[in-house]
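These notes are about the structure you will find just below.
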Amino acid sequence: MNVQPLLDALGIQENAARALADGLRAQINELQARLREAETHLEHLAITRKTITALADRIPARADSTELPEHPDYPRILAVFNEATGPVRARDVCQALDHELLPKNIEGTRAKLKRLVKLGVLTEVDAGSFTRKQ
């Protein structure tokens, strides 16, 4: 009886299984590296949280601190103004927030900017140009 064809078929299957195992090992190594990065990032965030919490008791509350409306865009809008070097228009804020530059998005952002002006957080220096209140 000639077993060579069976051994050849077995060899092909072994090679395929070996290649699959090698590929899976490579994926595991990549995932382990990504996991280490994520765990390091979590550790840094925990340290940051601990530091901020410890410092929060030492920082005096500002008498003029304003409560922002409850919408996720408001902190992001303020971040745009913190980075800005001059007046910013609603269109620029939309672009910075990765909102599609449609009239409805620009007008909605302009309304939020006007609301921040009323709250005393921003100032409208020219028609449609806003800056952080000094």
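The values are calculated or read from the model by the stated rules, or taken from the named source; none is laboratory data. Values in this document were obtained by computation on a predicted structure and should not be read as measured data. Note that each Cβ is placed from the backbone with ideal geometry, even for glycine, and that neighbours are counted across all protein chains shown. What goes into the accessible areas is simple: the full protein's heavy atoms, side chains included, and nothing from ligands, DNA or RNA. Shrake-Rupley method; radii C 1.70, N 1.55, O 1.52, S 1.80 Å.
Assorted remarks:
- Filtered residue count, the range 78-87, keeping only those that are without any contact (Cβ under 8 Å) to a residue 40 or more places away in the chain and either closer than 17 Å to Val125 by Cα or open to solvent by 80 Å² or more (accessible area, probe 1.4 Å) (or both): 3
- Only a single criterion out of (1) within 30 Å of Ala127 (Cα to Cα); (2) in a helix (DSSP H, G or I); (3) modelled with pLDDT of 90 or more is not satisfied by Ala21, namely (1).
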